[in-house]
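Working notes for the structure below.
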Amino acid sequence: MTASPSLFRPYTKLVKIQILGKDFEVPENNTLLRCFQFLQPESVAYGRFCWNEDCQYCRVSFDMGEGSQPRAALACKLMGQDGMRVKEISSEIKYCLRGLNL
């Protein structure tokens, strides 16, 4: 089953991100958690995420490419960007993205 287009903010193109060393294309102008949902619509929808920063289940560590500083953030608030490299993900995200074989 595919995710409803209304779940996502309007986008005209897909951007490239890397999750734990694997490359993916996700919709621009969307939070990283929505990008994860684009990749695995069903499992992310059933994850224990609050989508508003309270639960902390969507914590990630990322950088923006070689030479950039790694940072921690919440995927529900962080906008997915072209070239983003997600280096660490919470166990809840890992479980929800298990179909991607990360």
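Brief remarks follow.
- Counting DSSP beta bridges with both ends in the chain, the antiparallel % (nearest 5): 90 percent
- For the range 85-102, 3J(HN,Hα) computed residue by residue from phi via the Karplus equation (6.51, -1.76, 1.60; θ = phi - 60°) reads 10, 8, 9, 9, 9, 5, 5, 5, 5, 4, 5, 5, 9, 4, x, 8, 6, 6 Hz, glycine and proline entered as x.
- Relative contact order %, the chain, counting alpha carbon pairs below 8 Å whose residues are six or more apart: 33 percent
- Peptides 8-21, 88-101 ordered by average Cβ neighbours within 10 Å, highest first: 88-101, 8-21
- For the chain, cysteines whose Cβ has no other cysteine Cβ within reach (under 4.7 Å): CYS35, CYS58, CYS76, CYS96
- Efficiency of FRET from Cβ geometry, ASP54 and GLN18, R₀ 41 Å, rounded to 0.05: 0.90
- Taking only the Cα atoms of the range 11-100, the ratio Rg/Rh comes out at 0.93, with Rh defined as the Kirkwood radius.
No lab work stands behind these numbers, since they all come straight from the coordinates. Keep in mind that what you see is a predicted model, and the values were worked out from it rather than measured. We place every Cβ from the backbone using ideal geometry, glycine too, and count neighbours over all the protein chains shown.
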